[in-house]
Amino acid sequence: MEMHQIRYFLAVAQTRNFTRAAEECHVAQPSLTRAIKLLELEFGADLFRRERKLTHLTEFGQRMLPFLRQCYDSASTAKTLAKSLRTGAVAPLALALSHSIDMSIVTPALTELASAFPGLELKFLRGDEHAIAELLKKGDAELALAGALDEQWDRFDAWALFSEPLVAVVGADNRLANREGVDLVSLCRERLLARPYCETYARVATLLRSNDAMTRRHELVNDADLLQMVEANLGVGIVPASAGTSNRIHRIPLQDVALERTVHLYTVAGRARSPAGAALIKLLRAQSWT
């Protein structure tokens, strides 16, 4: 079964006339008739009753009509999409962000990218460091932004974009809110909001244990939830400086430790990059992160 046979069948089903259908398809009538007969032989049943001016679909033809129409429409859509992708009219890009990456980090570059690629179609994926590595390996994401990944793979290309300190965040009504700095022991007399989804969590937890500061805690699954808990004065957190905030949250430098994380841009070496992906790499690497 070939697409031109389906196209001829749909034309006859619409016009109920082989001559008019041939004219619409810009083909000689014998060629159209022969193509439909071959289609009937393949199906093993007649699609039309040919009665000169009264040609109409058989019961079998009626049953086949919606399926063949769907087949033809799907093929036409695929062809149109393929052309759009080739010409850049559609520019899909899958971008993976670790749970600890605030969207504001990447939006300036994405704004420029959208101006350069009007057909840009972004797909965002989130995950912890292990999920980010798997998304890149499997090709589900073309690019990724995350802290340092523990998993080593010789095909990872990584560029360090910027480093930032980790700071304490407390609610505006918290007793620590007006301090210029806070040590870990004082901070953790409050209930700690733990971030096991963050690449820095293991380092922070080890440091807290070594300072006998790991006490009561709530465990969260993303920074958005953590910041709402902080606003409600249900705990305090240790987050990257780029994490979102509000006027109900105070950031306080850590006094007795120097904790920081480095945000990297990751791709897979040797894998073809889309035009939009290649452009985003350039934008992110050229951006001033001060």
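Brief remarks follow.
- Built amide H within the under 5 Å cut-off of Asp183, gap 5+: Gln255
- With a cut-off of 13 Å between beta carbons, the residues surrounding Gly127 carry a summed charge of -3, where Lys and Arg count +1 and Asp and Glu -1.
- Exposed loop sites here are GluC sites (Glu not before Pro) assigned a DSSP state other than H, G, I, E or B and surrounded by at most 12 other beta carbons within 10 Å; excluding them, the longest clear run of the chain is 181-290.
- Given the chain, longest segment not containing exposed loop chymotrypsin sites (Phe, Trp or Tyr not before Pro) (DSSP; at most 14 other Cβ within 10 Å): 1-152
- The share of Cα pairs per 10 Å bin across the range 148-290, counted from zero up to the longest distance, runs 11, 36, 29, 17, 7, 0 percent.
- Fraction of beta bridges assigned by DSSP in the chain that are antiparallel (%, nearest 5): 55
- Scalar couplings 3J(HN,Hα) for the range 140-146, obtained by applying the Karplus form with A = 6.51, B = -1.76, C = 1.60 to θ = phi - 60°, are 6, 10, 7, 10, 8, 10, 6 Hz; x denotes Gly and Pro.
- 5 angstrom amide H check on Arg217, placed H, neighbours 5+ away: Leu192
- For the chain, adding -39500 (n - 2.57) for each run of n ≥ 4 DSSP H residues and dividing by the number of residues yields -13000 deg cm²/dmol at 222 nm.
- In this structure the chain gives 54 Å² per residue of accessible area when probed at 1.4 Å with all protein chains present.
- Spherically averaged projected area of the range 149-190 from its Cα convex hull (nm²): 5.1
- Based on alpha-carbon atoms, the Kirkwood radius and the radius of gyration of the chain give Rg/Rh equal to 1.28.
- Remark on the range 237-280: hydrodynamic radius 14.4 angstrom, per the Kirkwood mean of 1/r across alpha carbon pairs.
The values are calculated or read from the model by the stated rules, or taken from the named source; none is laboratory data. Here the structure is a predicted model, which is why all the values come from computation and not from measurement. Glycine gets a Cβ as well: all are built from the backbone with ideal geometry, and neighbour counts include every protein chain shown. Side chains included, ligands, DNA and RNA excluded: accessible areas come from the protein's heavy atoms. Shrake-Rupley method; radii C 1.70, N 1.55, O 1.52, S 1.80 Å.
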